[in-house]
Amino acid sequence: MTAPESSEAIEREVRVAASPEVVFGFFIDPAKMIRWKGLDAMLDARPGGIYRVVLTNNDIARGEYLEIVPHSRVVFTWGWENSPIPPGSTTVEISLTPDGDGTIVRLRHTGLASETVLQHDQGWNHYLSRLVIAAGGGDPGPDPHAAATMQPGS
């Protein structure tokens, strides 16, 4: 597998009704991660540590953490197991900025091949809306993306 031959990027911004200290945990703690994204997560939040999130029984995102600045910045590589976008071939940068009693979450996902931008854009829109609910103290409910791919008896 080879990395995408592109430098296309997705940029998104959402406001979460929680402090950066609270929101930060949703990017580094496996139990908090799966409240908004994924069925299972293996996260070792330190430079060089693994980032692996099972989004569905067919889709597994994998990379490694590159930078961790408590309560303000998380950077990790991203790709898919069993995909033309290999693990670690793109980069996701998250910045957390205090905004009154909340947090502005800025996401920038770079290195995407142009033919994958729409799919990743839709995915991040979906998951960031779930993050807003979960990190804000609510329950986003079961992830319809994950449920759509589950096999009977899974």
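The values are calculated or read from the model by the stated rules, or taken from the named source; none is laboratory data. Keep in mind the model is a prediction, meaning the values are calculated, not measured. Neighbour counts are summed over all protein chains in view; Cβ atoms, including those assigned to glycine, are modelled from backbone coordinates with ideal geometry. The area values use the complete protein model at the heavy-atom level, side chains included, leaving out ligands, DNA and RNA. Shrake-Rupley method; radii C 1.70, N 1.55, O 1.52, S 1.80 Å.
Odds and ends about this structure:
- Of the strands (runs of 3 or more DSSP E) lying entirely inside region 1-91, those containing at least 3 residues that are open to solvent by 50 Å² or more (accessible area, probe 1.4 Å) are 8-16, 60-69.
- When A31 is tested against (1) among the aliphatic types (A, V, I, L, M); (2) more than 12 Å from the chain's Cα centre (by Cα); (3) modelled with pLDDT under 95, exactly one condition is not met: (3).
- Filtering I68, I94, I85 for residues that are more than 13 Å from the chain's Cα centre (by Cα) and modelled with pLDDT of 95 or more leaves a single hit, I68.
- Residues of region 92-129 classified as outside any helix (DSSP H, G or I), over 23 Å from I68 (Cβ atoms) and of a type in the set (D, E, K, R), total: 1
- Only one of the numbered conditions (1) in contact (Cβ under 8 Å) with a residue 12 or more places away in the chain; (2) small (G, A, S); (3) assigned to a loop (DSSP other than H, G, I, E, B) is not met by G138, and that is (1).
- The set of residues in region 92-110 being open to solvent by 20 Å² or more (accessible area, probe 1.4 Å) and either touching a residue at least 40 places away in the same chain (Cβ under 8 Å) or touching a Lys or Arg at 6+ places or on another chain (Cβ under 8 Å) (or both) consists of E93, S95, T97, P98, D99, D101, I104, R106, R108, T110.
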